[in-house]
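Beneath this line is the structure, given in structure tokens, with notes to follow.
FYI, it's all coordinate maths here, none of it is from the lab. Source: prediction; values computed, not measured. Counting neighbours? That spans all protein chains shown, and the Cβs are built from the backbone with ideal geometry, glycine included.
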Amino acid sequence: MVAILAVQGAFIEHAQALEKLGVEYKYLRNKADITPDIDRLILVGGESTTQRKLLKELDMLEPLKALIERGAPVLATCAGLILLAEKITSGEEPVFGTLPIEVCRNAYGRQLGSFSTVQDIGEVKAFPMRFIRAPFVEKVLSDEVEVLNVTDGRITAVKYKNQLGFAFHPELTEDLRLHQMFLEL
């Protein structure tokens, strides 16, 4: 079962992508929703500081980190990438800290700095990328992290073991190939 973190952010758009692919999912809104049938996790875009606060208040942080560390495939977009990062350039404490990267929050500035482009993401050719107040990967902290995309000299897509991290929002496009990549992990 695919679980979508649904405490804040773009969870409906990920659900719609999974529906188009014919995949069952459930929303995670509180600790009781974290059940043994979950074998995949989507960490959505939104506001990482709010998500961090809610994950702690709802006592969801440790069980979700354990799920990731057990090897459940993870798709993390925008704020989700920040949640996974081992290090945050602003000096904030990491949330899950399972992805060996250093991430820079709001790297593209305010809402007006948002943009779209089309680029290759690893083997996925010509993917439409939507950046909205997006982070980027400042640096990779392990040789095991595979860089899948660099946009304007900044790392914006990575893969590490069971974790896919994207600085952009694939769920805001009609292209389902990155969700398919996640389902194939």
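How many percent of Cα pairs in the chain exceed 25 Å?
Every Cα pair in the chain considered, those over 25 Å come to 25 percent.
Give the long-range amide H neighbours of E86: residues separated by 5 or more places, or on another chain, with amide H under 5 Å away, using H modelled in the peptide plane at 1.01 Å from N.
L99, I101
What is the Cα centroid distance between region 137-185 and region 51-128, reported in whole angstrom?
10 Å
With each label point set 7 Å from Cα along the Cα-Cβ vector, what nm distance links Q16 and V118?
For Q16 paired with V118, the spin-label model returns 2.1 nm.
Step through the table entries K65/K159; K20/K159; K53/K125; K31/K139; K53/K87; K26/K161, compare each Cα-Cα distance with 26 Å, and write down the pairs that go over it.
Correct reply: K53/K125; K31/K139.
Add -39500 (n - 2.57) for each DSSP H run of 4 or more in the chain, then divide by its residues: what number comes out at 222 nm, to the nearest 500 deg cm²/dmol?
-6500 deg cm²/dmol
Using +1 at the C-beta of Lys and Arg and -1 at the C-beta of Asp and Glu, which of L99, N162, I132 has the Cα lying farthest in the positive direction of the dipole of region 34-185?
The one lying farthest along the dipole's positive direction is I132.
Give, rounded to the nearest 20 debye, the magnitude of the charge dipole that the chain has about its Cα centre when Lys and Arg contribute +1 at Cβ and Asp and Glu contribute -1 at Cβ.
Rounded to the nearest 20 debye, it is 380 debye.
Report the local net charge at E138: Lys and Arg +1, Asp and Glu -1, summed over other residues whose C-beta lies under 15 Å from its C-beta.
Result for the local shell: 0.
With both partners inside the chain, how many of the DSSP beta bridges are antiparallel, as a percent to the nearest 5?
Here the share of antiparallel DSSP bridges comes out near 55 percent.
Determine ³J(HN,Hα), in whole Hz, for all residues of region 147-159 in sequence, where each value follows from phi through the Karplus function 6.51 cos²θ - 1.76 cosθ + 1.60 and θ = phi - 60°; x replaces Gly and Pro.
In residue order, the calculated couplings are 7, 9, 7, 10, 10, 6, x, 10, 6, 10, 8, 9, 10 Hz.
Using +1 at the Cβ of each Lys and Arg and -1 at the Cβ of each Asp and Glu in the chain, identify which of L84, A10, Y25 lies farthest towards the dipole's positive end.
Sorting the options by dipole projection puts first A10.
Sorted by packing (mean other beta-carbon atoms within 10 Å per residue), highest first, where do 165-174, 36-45, 52-61 land?
In decreasing order of mean packing, 165-174, 36-45, 52-61 become 165-174, 36-45, 52-61.
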